[in-house]
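Let me begin by presenting the structure, written as C-alpha cells, before commenting on it.
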Amino acid sequence: MTSEPTLTETPHEAGAKTESTALSTGIAAVVLGAIAVFYLVNALLLPNTETDEGIGPKTFPVVVAIVLICTTALGVLTLLRGRVEVQAVSKTELLRVVICIVLFALFAASIFLIGFAEAAAIFSVLTSTFVFGVRLSLKRAAWLLVVGLVIGLVLFLVFDVWLNVLLPVGWIEYLLFGGLNL
C-alpha cells in the first residue's frame, strides 16, 4: 500500500499522497456502504406480492441490494488487508464516470418516454462513443444501434414474460409484441 517516492517528490509528499488516497478510498467505501444499505432498506419496503413462481417485484431489488452490500464489504476488506494498491483517479477517468452517470440518468428518464428497448439502443451507442471512446462511422453506429435494439428487445421479453416485471413499452415493442398480449 505504501509507494516509493519518485525522483521529483520528497518522502513527505509521497506519504501525504498515500494518506490522501487512503482517506478518499475510505470515504468512498463509507458512501458506497451507505448507498447499499439505503438501497436494501428501500428494497425491503416494496410490496411482497408473490406470483405462482414465488418471484415478485421485491425479489430482484433485494438480491441486487445483497450483492451490492457483499461486494462493498469485500472491497473494504481487501483494502484494509493492503492487498490492492490504491491509485488516484485521473481527471479523464473522473470525466468518464460523470458522463456515464449523466447518460444513465437520461436513459432512466427516457425509458418512460420512448420505451425500454429504444432507450437501451440509444444508450448503448452514446455510452460506446462518449464513455469508451469508440469512433463510430455511420455503418458502425447503425450496427451498434441494431445490436442494442435486439438486446433491449430480448431483455424486454425476459422481464415481461419470464420475470413478470413490466417495462415501459415503446413503439417497436408495441409493433412486435403488442398483439401477443404479453
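No value in this document is a laboratory result; all are computed from the given coordinates. The structure displayed is predicted, hence computed values, not measured ones. Virtual Cβ from ideal backbone geometry, glycine too; neighbours counted across all protein chains shown.
Below, the figures for the structure above:
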quantity: Ordering of 116-123, 87-94 by burial proxy (mean other Cβ atoms within 10 Å per residue, highest first); calculated: 116-123, 87-94
quantity: Linear extension gain, Val102 paired with Val89, 0.36 nm per residue minus alpha-carbon span; calculated: 2.8 nm
quantity: Estimated Rh, region 81-177: Kirkwood, alpha-carbon pairs, angstrom; calculated: 15.0 Å
quantity: Neighbour cut-off at most 16 other Cβ (10 Å), DSSP loop, trypsin sites (Lys or Arg not before Pro), region 104-182; calculated: Arg135
